[in-house]
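Asks: Sending over a structure as structure tokens; questions will come in a sec.
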Amino acid sequence: LSLVVGLTLTIPATTVGQDAAAEEETLAHAMSLSRSFRRAAQRVTPSVVTIISRVNPPPVAQGEGEEDEAMEGVPPEFQEFFKKHGGMNRFRRFGGPQRGMGSGVIIDEGGLILTNNHVVEGADEVLVRLSDGREFKGLDIKNDRISDLALISIKGAENLRPMKLGSSEKMDIGDWVIAIGSPFELEMTVSAGIISAKGRSIGASQRRGRYLQTDAAINPGNSGGPLVNLRGELIGINTAIASRSGGYQGIGFAIPVDLAKWVVSELRDDGKVQRAWLGVAIREMDADLGRQFGLARHGGVIIAQTVPDSPSEKAGILAGDVITHFAGSRVRMPAELQAVVERAEIGKGHEVHLVRSGNVQVMTVSLEVLPEKLGVRRPAAPPAKKPLGQ
């Protein structure tokens, strides 16, 4: 048995220096990322607005016996006065206007603001508050319920800073993003996260969308606010969350800016969005159906039914066909087919590639305007993934 007494461990100076250098390099990378977030937030915050919508409550009808109950405790001389002038109900205040709050983005120096339709839909009055505190009445509201987007104009506002529009298509899973808005009425709140997924379909009420999914914290009040990249470019409009509590649980959804650009151009020019229509009921190609059709999962979109006298029927498309390409675009999911069809030129022939009974066929279809009655369907029950509210 050997006993070593007074052993001294000496760490080479080079090792200490290397560790310090590595730590400094790591810190430098972190600080660089922090500065990127800071610059992006500073660049876009002046372009973000808070939107306050007010809905005036309807008059409350007076039920039988309510007038007598309301008169209890009122001196007799005043009871006679109220009866002569329409009763107590006429002098009551049944609460002020209902108030909601959302967010929006300045997209034009002339005062054009982009937000969610559900932030302003049904409002009797809309107030727009800029980041510097100035307030303006929202005017000339144009909305599109299918995309859940709306445009608001404000007049007389000087020195507006419109946000630069980026490309949602160029964003990829894992890219950093920033969300800005007024969650729970906490104006100009900034949160950060990444793009978690692309091309999400999120329920009956937003069935036509292909949304960006993010884990940046968004909550009620973020509706209509921007999702931006680290260059400070708008890449999405925050619109919905997946939540069991009603608040942030790590899954939020934004309307891609590439879709918003098209909707904005339609609303600006015509005051409404004119969509093309193929006239089919469609189904997703899941694994079981893929085996039946001899195709891979998401290998195309199944035609479940064609609408009589629609463009699809006129072109010869049949139930059971599987569309794989439309107008040169590969389609794998129903939302992809809907997206390419609705923005296609109306009245022009478009090439359709489909699989019928195992054989590939090519057809030409001339699209028509989407009938208004087919534009929006209300869900029978609230979807699991719901708009953020106001």
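Asks: Within a Cβ distance under 10 Å of Leu370, other residues only, what is the Lys/Arg minus Asp/Glu net charge? Can you show the working numbers first?
Replies: On the way: positive: Arg275, Lys373; negative: Glu342, Glu368, Glu372.
Net local charge, Leu370 excluded: -1.
Asks: Would you kindly state how much longer the chain becomes between Glu351 and Lys155 on full extension, computed as 0.36 nm times their sequence separation minus their alpha carbon distance, in nm to one decimal? Walk me through the numbers before you get to the answer.
Replies: On the way: separation 196, 0.36 × 196 = 70.56 nm, distance 4.51 nm.
Answer, rounded to one decimal: 66.0 nm.
Asks: Report, to two decimal places, the Cα Rg of the range 311-375 normalised by 2.2 N^0.38 Å (N = number of residues).
Replies: The value comes to 1.08.
Asks: Extension gain Thr26-Gln42, at 0.36 nm per residue separation less the Cα-Cα distance, in nm?
Replies: Details: separation 16, 0.36 × 16 = 5.76 nm, distance 2.45 nm.
In short, 3.3 nm is gained.
Asks: As a test of understanding, state the convex hull volume per residue of the range 146-290 from its alpha carbons, in Å³. If you can, show how the numbers build up before the last one.
Replies: Numbers: hull volume 21.8 nm³, N = 145.
Dividing the Cα hull volume of the range 146-290 by its residue count gives 150 Å³.
Asks: What area, in nm² and to one decimal, does the C-alpha convex hull of the range 212-283 cast on average over all directions?
Replies: 7.2
Asks: What figure, in Å² to the nearest 10, do you get for the accessible area of Val340 with a 1.4 Å probe and non-protein molecules left out?
Replies: 40
Asks: Go through the range 270-363 and name the GluC sites (Glu not before Pro) that are in a DSSP coil and have 15 or fewer other Cβ atoms within 10 Å of their Cβ.
Replies: On the way: sites: Glu284, Glu313, Glu336, Glu342, Glu345, Glu351; in loops: Glu345.
Taking the range 270-363 and a limit of 15 other Cβ atoms within 10 Å, the loop GluC sites (Glu not before Pro) found are Glu345.
Asks: Just to verify a number: FRET efficiency for Gln361 and Ala296, C-beta to C-beta distance, R0 = 22 Å, to 0.05? Present the calculation step by step, with values, prior to reporting the outcome.
Replies: Working: r = 19 Å, r/R0 = 0.85.
Efficiency, rounded to the nearest 0.05: 0.70.
Asks: At a probe size of 1.4 Å, how large is the accessible area of Glu158, to the nearest 10 Å²?
Replies: Near enough 130 Å² of accessible area.
Asks: What net charge is computed for the residues neighbouring Met171, neighbours being all others with C-beta under 12 Å from the C-beta of Met171, Lys and Arg scored +1, Asp and Glu -1? Kindly include the intermediate steps, with their values, before the conclusion.
Replies: On the way: positive: Lys170, Lys198, Arg231; negative: Glu169, Asp172, Asp175, Glu233, Asp258.
Summing Lys/Arg as +1 and Asp/Glu as -1 gives -2.
The values are calculated or read from the model by the stated rules, or taken from the named source; none is laboratory data. In this text the structure is predicted, and so the values were computed from the model without any measurement. We place every Cβ from the backbone using ideal geometry, glycine too, and count neighbours over all the protein chains shown. In case anyone asks, the SASA skips ligands and DNA or RNA and just uses the protein heavy atoms, side chains included. Shrake-Rupley method; radii C 1.70, N 1.55, O 1.52, S 1.80 Å.
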